[in-house]
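J.: This is the structure I have questions about; it appears just below.
Values in this text are rule-based calculations from the coordinates and carry no lab data. Being a predicted model, the structure only gives us computed values, none of them experimental. In this analysis, Cβ positions are derived from the backbone assuming ideal geometry, glycine residues included, and neighbour counts consider all displayed protein chains.
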Amino acid sequence: QVQLVESGGGLVQPGGSLRLSCAASGSIRSIHYMAWYRQAPGKQREWVATITSGGATDYANSVKERFTISRDNARNTLYLQMSSLKPEDTAVYYCKMARVGPDAWGQGTEVTVSS
């Protein structure tokens, strides 16, 4: 069993920054990659960014140059640094762990970008 707990969401003004965290615990091994997804009100969940076990990163075009995914293996924590936030970034953000066995998802953390 793997548990993922996101934190760091909140209300931020347009142009502001936030850093999301995803703390992993439990049976953490054989990880293929970790990722962030988001789901805006009334919309389907969409992929935001990925970091592989080798450290390669990839981003959705909508967040490229503004968001940075990273991880701290010693702390078993995944991060998403978000800057130049826009109202359209408003969503619940989820982290995902893809590994041998079922994917694991966190419960989400809400980000609201509004003045």
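J.: State, as an integer percentage, the relative contact order of the chain based on alpha-carbon contacts under 8 Å between residues 6 or more apart. It would help to have the intermediate numbers written out before the result.
T.: Details: 278 pairs, mean separation 43.2, N = 115.
It comes to 38 percent, rounded to a whole number.
J.: Segment 1-51: which trypsin sites (Lys or Arg not before Pro) are DSSP loop and have at most 13 other beta-carbon atoms within 10 angstrom? Walk me through the intermediate numbers first.
T.: Working: sites: 19, 29, 38, 43, 45; in loops: 29, 43, 45.
Those satisfying the criteria are 29, 43.
J.: I would also like to ask the following. What lysines sit close enough to residue 96 to cross-link, taking a C-alpha to C-alpha distance under 22 Å and skipping anything fewer than 8 places away on the same chain?
T.: Cross-link targets: 43, 64.
J.: Run the Debye formula on the Cα coordinates of the chain, all scatterers equal and no solvent, and tell me log10 I(q)/I(0) at q = 0.15, 0.17 1/Å.
T.: Debye curve over Cα of the chain, log10 I(q)/I(0) at q = 0.15, 0.17 Å⁻¹: -0.59, -0.76.
J.: Is there a quick way to get the dipole size of segment 22-74? I mean about its Cα centre, with the Cβ of Lys and Arg at +1 and of Asp and Glu at -1; what is the value in debye to the nearest 20? Mind showing how you got there, number by number?
T.: Numbers: 7 positive and 4 negative charges, 29 e Å.
I would put it at about 140 debye.
J.: Using the Cα centre of the chain as origin and beta-carbon charges of +1 (Lys, Arg) and -1 (Asp, Glu), tell me which of 40, 111, 95 is placed farthest towards the positive end of the dipole.
T.: Value: 95.
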